[in-house]
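A.B. asks: This structure is in structure tokens; I'll ask about it shortly.
Readers should treat all values here as calculations from the given coordinates under stated rules, not as data from a laboratory. Quantities reported herein were computed from a predicted structural model and do not represent experimental measurements. Positions of Cβ are backbone-derived with ideal geometry, glycine not excepted, and every protein chain shown enters the neighbour counts.
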Amino acid sequence: MNKIASFTIDHIKLQPGVYVSRKDQVEHSVITTFDLRMTSPNEEPVMNTAEMHAIEHLAATFLRNHGEFGTKIIYFGPMGCRTGFYLLLNGEYTSKDIVPLLIELYEFIRDFKGEIPGASAKDCGNYLDMNLPMANYLAKKYLQEVLYQISEERLVYPV
């Protein structure tokens, strides 16, 4: 069996950033998959499921309601390794193209207070497993350490 593309990235060199993971042609559209790497793989502790779950609910709600990108959102969800998230957009984009969107998104998460959208037994299969204060903290950390001063090496996978 062939190794899938995401397993060919050198996770020892990989640092938090915004990376194009893949581009797939689907009929007449290109779907761009982004790797939103929030923690340094195998160096930092991974995120706990509660804060990832809160980020997922907040991000999916924000992105699907976004004025410019809302209709282009295919998916936002966690990586199994718990070091970041995948964002799939309908269209052909570079990492640099979506940095302003990600700054908006993570500022929204950083500043969010109150009831997390969809955090009820009726709306979610595991609604009690959410940690908003940690989601706020991690969003702030990603903004300060990555997004606000993102460099070229945090926009392209390491070789």
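A.B. asks: Using a Gaussian network for the chain with springs between C-alpha atoms less than 10 Å apart, which of these wobbles most: Gly114, Gly70, Gly17?
C.D. replies: Highest fluctuation of the listed residues: Gly114.
A.B. asks: Also, I was wondering about something else. Using the Cα centre of the chain as the reference point, and only Cβ charges (+1 on K/R, -1 on D/E), how large is the resulting charge dipole? Debye, rounded to the nearest 20.
C.D. replies: Here the chain has a charge dipole of around 120 debye.
A.B. asks: Choose one answer from Gly91, Gly118, Gly67: the residue with the largest mean-square fluctuation in a GNM of the chain with alpha-carbon springs under 10 Å.
C.D. replies: Gly67
A.B. asks: Give the calculated FRET efficiency between Lys13 and Glu107 to the nearest 0.05, with a Förster radius of 30 Å applied to their Cβ-Cβ distance. Display every interim value, and only then the final one.
C.D. replies: Numbers: r = 29 Å, r/R0 = 0.95.
Once the sixth-power term is evaluated, E becomes 0.60.
A.B. asks: Once you've got the GNM for the chain with C-alpha springs shorter than 10 Å, pick whichever of Thr83, Thr49, Thr32 has the biggest mean-square fluctuation.
C.D. replies: Maximum among the listed residues: Thr49.
A.B. asks: Right, something else. Which entries of Lys96/Lys122; Lys72/Lys140; Lys96/Lys140; Lys13/Lys113 show an alpha-carbon separation above 29 angstrom in the structure shown?
C.D. replies: Where the Cα-Cα span goes over 29 Å, the pairs concerned are Lys96/Lys122; Lys13/Lys113.
A.B. asks: Would you report the distance distribution of C-alpha pairs in the stretch 14-148 as whole percents per 10 angstrom bin, up to the bin with the largest distance?
C.D. replies: Spelled out bin by bin, the stretch 14-148 gives 12, 44, 34, 9, 0 percent.
A.B. asks: Whole Å is fine, so just give me how far the alpha carbon centre of the stretch 40-74 lies from that of the stretch 119-135.
C.D. replies: 14
A.B. asks: Still on this structure, I have one more. Give a quick list of GluC sites (Glu not before Pro) in the stretch 3-98 that DSSP marks as loop, anything other than H, G, I, E or B, with at most 16 other Cβ atoms within 10 Å.
C.D. replies: Of the GluC sites (Glu not before Pro), the ones in loops of the stretch 3-98 whose Cβ has at most 16 other Cβ atoms within 10 Å are Glu27, Glu43, Glu68, Glu92.
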